[in-house]
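Okay, so here's the structure we're looking at.
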Amino acid sequence: MKLNIVKSNKKAIVDFDNLGFGKIFTNHIFVMEYNGGEWKNPQIKPYGAFDLDPSTAVFHYGQAVFEGLKAYKNSKGEIRLFRPQDNFKRMNESCDRVCIPNFDEKFVLDAMTQLVKIDSGFIPTKAGSSLYIRPSIIATDAVLGVHPSSSYLFFIICSPVGAYYKNGFGPIKLLVEEYYTRAALGGTGANKVIGNYAASLIAQQKAMKLGCNQVMWLDAKDKRFVEEVGAMNIFFVLGDKVITHALNGSILPGLTRDSVIRHLKYLGYDVSEQQIDINDIVKYAKDKTLTEIFGTGTAAVISPVSEFLYKDENFAVGSGGIGKITQMLYDDLTSIQTGVKNDPHGFVKLI
Ligand SMILES: *Cc1c(COP(=O)(O)O)cnc(C)c1O
């Protein structure tokens, strides 16, 4: 397959001081089609709207997957991607779950690299900011029958983003959600499938009404084991032991999660992937064994948690500020991403 490139004549004009998250987009888009049993017509072209029939399958049944990753540019002008090959591997696994045909990971990674280079004038250099990259695949058959589409559209868009949280790297409060569930075993929770996020919005709204920032999700069956936080994985620190829920089929296998586990083990910490009972967490919060909670995900990288609300009772985590390990992980990971620190794990791909 040959990548066809048509350049926009627009300049990269960006107000880097007022980026927000995912609000503005670069001048180009990557697109590729699937029909007749194969992926074809890969192109980089000027960013613009799609012309899709109202009956298009994705609008009705949500047969679609996505990914999220970031490119960083440092003061030396280096462009650095964080574990991009792993995002495309995970994307193909998501495709398997919702009957979308696999694509050539190497080809798409190479096309994305070219897209990022063409739009490199949009990559912010300020600390905490980056170019957020969003690959997606949507079902495009224009028919209302419920069955796997025979045609798809793969696209990649890019958005220069500032820090994820408006108020900077600060601790958040979680609502432990006892009614709504994010993912059940056998469902789509382990994949980046679009419907998962629509289903989570109501709990997020509820959390905000109760003065919390995000939802702490419990397992769907027993409402007892802590699985994730918002659209992030979750970690608990008990003294110098770190625990996170094992990948059991309802947890999204986060790359930040995996990077944190690898980095902690490299530094000599005791990290365990296991089931985590909310009743134990409450007990450890009360007796102060629980020193830190944090979330992990590409968008926020590391998100400190200072408090949680469970069965109408508030629990403080550690001293209520940003924990020591939480801060260290944020500093180390962002320093590896931007090249301030060297990368002992080989996470970064320079392009
Ligand atoms: C994307 C995502 C994560 C984090 O994955 P990363 O690869 O670290 O960005 C965690 N949980 C959910 C539900 C997600 O969608």
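Local charge sum around residue 320 (other residues, Cβ-Cβ under 14 Å, Lys/Arg +1, Asp/Glu -1)? Provide the component values of the computation, followed by the final result.
Working: positive: 173, 288, 324; negative: 292, 307.
My count for the surroundings of residue 320 gives +1.
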### Task
Calculate the length of the line joining the C-alpha centroid of the range 139-216 to that of the range 1-65, in whole Å.
20 Å
### Query
Can you tell which of 318, 271, 231 lies farthest toward the positive end of the dipole of the range 172-340, using +1 and -1 charges on the Cβ of basic and acidic side chains (Lys, Arg; Asp, Glu)?
231
### Message
Considering only C-alpha atoms, what is the centroid distance from the range 268-340 to the range 107-130, in Å?
### Response
30 Å
### Task
Give the percent of DSSP beta bridges with both residues in the range 172-340 that are antiparallel, rounded to the nearest 5.
65 percent
## Note on the structure
The size of the Cβ-based charge dipole (Lys, Arg +1; Asp, Glu -1) of the range 77-174 about the Cα centre, to the nearest 20 debye, is 520 debye
#### Entry: Axial C-alpha extent at least 15 Å, average Kyte-Doolittle at least -1.0 - helices from the chain (DSSP)
105-118, 195-209, 255-266, 324-338
### Task
Taking the Cα centre of the chain as origin, sum charge times position over the Cβ atoms of Lys and Arg (+1) and Asp and Glu (-1), and report the length of that vector in debye to the nearest 20.
860 debye
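With an 8 Å cut-off on Cα pairs and a minimum separation of 6 or more residues, tell me the relative contact order of the chain in percent.
18 percent
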## Note on the structure
Helix-only [θ] at 222 nm, the chain, -39500 (n - 2.57) per DSSP H run of 4+, per residue, nearest 500, equals -7500 deg cm²/dmol
### Summary
Everything considered on the Cα gyration tensor (a ≥ b ≥ c; rounded for a/c under 1.5, else prolate if a/b is larger than b/c, else oblate), the range 4-161 must be described as prolate
### Query
So what is the relative contact order of the range 267-347, in percent, for Cα pairs below 8 Å that sit 6 or more residues apart?
22 percent
### Message
Averaging the inverse of every distinct alpha carbon separation and then flipping it gives the Kirkwood radius. What is it for the chain, in angstrom units?
### Response
21.3 Å
### Task
Quote the charge dipole size of the range 4-161 about the Cα centre in Debye, to the nearest 20; the model charges only the Cβ of Lys and Arg (+1) and of Asp and Glu (-1).
720 debye
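First select every other residue whose beta carbon is under 13 angstrom from the beta carbon of residue 302; then total the charges, Lys and Arg +1, Asp and Glu -1.
So the environment of residue 302 carries a net charge of -1.
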## Note on the structure
Within the under-15-Å Cβ sphere about residue 81, not counting residue 81, Lys/Arg +1 and Asp/Glu -1 give a net charge of +3
### Query
Once label points are set 7 Å from the Cα along Cα→Cβ at both residue 146 and residue 13, what is their separation, rounded to one decimal in nm?
4.9 nm
### Message
Can you compute the modelled spin-label distance between residue 59 and residue 269, with each label point 7 Å from Cα toward Cβ, in nm?
### Response
4.7 nm
### Most mobile listed residue (68, 36, 189) in the chain, GNM with C-alpha springs under 10 Å
36
### Query
For the range 172-340, max minus min Cα coordinate along each principal axis, in Å, sorted largest first?
40, 36, 26
### Message
If I take every Cα pair under 8 Å that is 6 or more residues apart in the range 4-161, average their sequence separation and divide by the length, what percent do I get for the relative contact order?
### Response
35 percent
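Values quoted throughout were computed directly from the atomic coordinates according to the rules given, and no laboratory measurement underlies them. Computed from a predicted structure; not experimentally measured. Reconstructed Cβ throughout: ideal geometry from the backbone, glycine too, with neighbour counts over all protein chains shown.
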